[in-house]
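The values are calculated or read from the model by the stated rules, or taken from the named source; none is laboratory data. These numbers come from a predicted model, not from an experiment. Backbone-built Cβ (ideal geometry, glycine too); neighbour counts: all protein chains shown. The accessibility values were calculated without ligands, DNA or RNA, using every heavy atom of the protein model including side chains. Shrake-Rupley method; radii C 1.70, N 1.55, O 1.52, S 1.80 Å.
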Number of protein chains: 2
Amino acid sequence: MEHDSGRRADLYEQLARIGKVVVHPKRIELLDLLCQAERSVEALAETTGLKLTTASAHLQVMRQARLVETRREGTRVFYRAAGEEVCRFVGALNDLARARLAEVDQILRSLGTDAAGTERVSRDELLARVQAGEVVVLDVRPAEEYSAGHIPGARSLPLEHLEARLDELDPDLEVVAYCRGPLCLLAPEAAALLRGRGRRARCLEDGLPEWRQAGLPVEEGVGTDGGSSGRNEARSSLRDRRTPRSSPAVGGRS
Amino acid sequence: MEHDSGRRADLYEQLARIGKVVVHPKRIELLDLLCQAERSVEALAETTGLKLTTASAHLQVMRQARLVETRREGTRVFYRAAGEEVCRFVGALNDLARARLAEVDQILRSLGTDAAGTERVSRDELLARVQAGEVVVLDVRPAEEYSAGHIPGARSLPLEHLEARLDELDPDLEVVAYCRGPLCLLAPEAAALLRGRGRRARCLEDGLPEWRQAGLPVEEGVGTDGGSSGRNEARSSLRDRRTPRSSPAVGGRS
DNA sequence: CTACTATTCTATAGATCTATGGAACATGAT
DNA sequence: ATCATGTTCCATAGATCTATAGAATAGTAG
């Protein structure tokens, strides 16, 4: 049974090509960002704190593994994740880390405003309460991620502006904030800040990638909300759009 | 918003700890094997063609990432995958490779008796046909993987013994062979061999890990089959055991 | 064409990883 | 205790990876 051992080794080498991307923390960070929205090299370098040439080098590695694709716009190059399998893979990596590495939970906990301390709202609960008009859904990620895709009816209010724009939120409604995923800290920080101001605020259990992968509807664009009280907008679109949740089961390598 | 950048970097470093495991082809191969069944260091070194000390070194890396655990039995140490999240992660890696790397399909195709050439049977179809008593389910993985877990009612007939023990199979029944997963070549080779002998034979779409992750029942032990015609045994146990398929949806990082 | 911008390519010093032989360790048998 | 066996630890040469400066490239605007 050794006639194809070379080929078989080739196969594992191909898998390792992908593994190579996630062996470097910064590349994981980049991939995480790209699962939220496309970005230029410059923007990526800036938000990850890398020198431009270094960021570019990392992106080349990711491109050779075919995990990202590019689009040119004038003189700028925009990178994006190459397909939902990539996001699913990153998701599996996150899950695995949370399940197996106690350190991850410790880090989250050590941040005070962490995932463990903040009560989480499930997708189902969110849907129910939104339909009952009881909550405002808040997307606290940077604006460009919001416009690349968000929960229908959610308001965009990036964490960095939350404090300044607090008065845009109806004090009588509970806020459910969400961000990039279970390991992302934006929503927990937002919720902590809001509760510090006497508001009722919780976090969604998942981030947008999980929402999308669950087959729930995703809306694109900057949204129609100009910055008013945002009470009605916050629950309009989700009302009847619940999809049959085609849920591509986890092991489903078709 | 820079007060926790250090912590955030720590988080990605933790993820990279896991990534480190899948950056080396041999480690992926080891992990793949360990998702099927536990094995001693010696056995792992032998089936992967590594020197003993090298295999041990790789296993240490995997252990430090908490992806594998050990059990001592006398003087031997048995390694196993540390939880189903690990197998799910490996599955996501495989999926991603198949989806994004054309090379993977090419390699599979170049093997002649490949995945692409062999018609695949879905899980649902298998269940239906087994219940109708139309097929024999054949586990062509090595015997120790069979006894670590197999599809209920499946016969164990490792590929390496298939030719010699061909007469154990009822020529009138179609055979559905399965192995480790979509990238594994055991079942396709078995099906090709069988068809070369005039039998009707196909492959299951997935391997045992996918079956297990779908929440379908898995049977352990060496099986009661002594080596007779295996016509009835081949469909007894699956008859009424279909579980409600708790299907932990893909994005479900609870 | 020239100037300018965003990005990629090239070269390289320094850091990290890999395979492996041999020593050390743990367990079980004598 | 002594030995045998299976595994892990240690040291190290050679291979690979990383960050980064500087040069080259591609697109845009005059």
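Figures for the structure shown
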quantity: Hey, residue B:164 in the same structural domain as residue B:142 (by TED's automatic domain parsing) and either open to solvent by 10 Å² or more (accessible area, probe 1.4 Å) or within 29 Å of residue A:92 (Cβ to Cβ) (or both) or not; calculated: yes
quantity: Test: residue in region B:8-15 that is assigned to a helix (DSSP H, G or I), in contact (Cβ under 8 Å) with a residue 12 or more places away in the chain and in contact with a helix residue (DSSP H, G or I) (Cβ under 6 Å, 6 or more places away or on another chain); calculated: no
quantity: Qualifying residue in region A:7-16 (condition: near DNA strand D (Cβ under 10 Å from one of its atoms) and within 7 Å of chain B (Cβ to nearest Cβ)); calculated: yes
quantity: Residue in region A:33-52 that is within 16 Å of DNA strand D (Cβ to nearest atom), open to solvent by less than 30 Å² (accessible area, probe 1.4 Å), free of Cβ contacts under 8 Å to residues at least 12 places away in the same chain and part of a helix (DSSP H, G or I) present; calculated: yes
quantity: Any chance residue A:86 is more than 16 Å from DNA strand C (Cβ to nearest atom) and not acidic (Asp, Glu); calculated: yes
quantity: Residue list for region B:95-104, restricted to those being in contact (Cβ under 8 Å) with a residue 12 or more places away in the chain and open to solvent by less than 10 Å² (accessible area, probe 1.4 Å); calculated: B:97, B:104
quantity: Residues that are touching a strand residue (DSSP E or B) at 6+ places or on another chain (Cβ under 8 Å), outside any strand (DSSP E or B) and within 11 Å of DNA strand C (Cβ to nearest atom), drawn from region B:60-78; calculated: B:62
quantity: Filter pass, residue B:81 being within 14 Å of DNA strand C (Cβ to nearest atom) and at negative phi; calculated: no
quantity: Residue ID - modelled with the lowest pLDDT, chosen from residues in region B:71-87 that are farther than 15 Å from residue B:17 by Cβ and open to solvent by less than 50 Å² (accessible area, probe 1.4 Å); calculated: B:83
quantity: Residue that is farthest from DNA strand D (Cβ to nearest atom) [pool: residues in region A:53-85 that are more than 13 Å from every other protein chain (Cβ to nearest Cβ) and among the basic types (Lys, Arg)]; calculated: A:80
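Every residue, every condition in (1) over 14 Å from the mean Cα position of the chain (by Cα); (2) open to solvent by less than 30 Å² (accessible area, probe 1.4 Å), yes or no:
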| residue | (1), (2) |
| --- | --- |
| B:127 | yes, yes |
| B:131 | yes, no |
| B:152 | yes, yes |
| B:160 | yes, no |
| B:173 | yes, yes |
| B:179 | no, yes |
| B:198 | yes, no |
| B:218 | no, no |
| B:222 | yes, no |
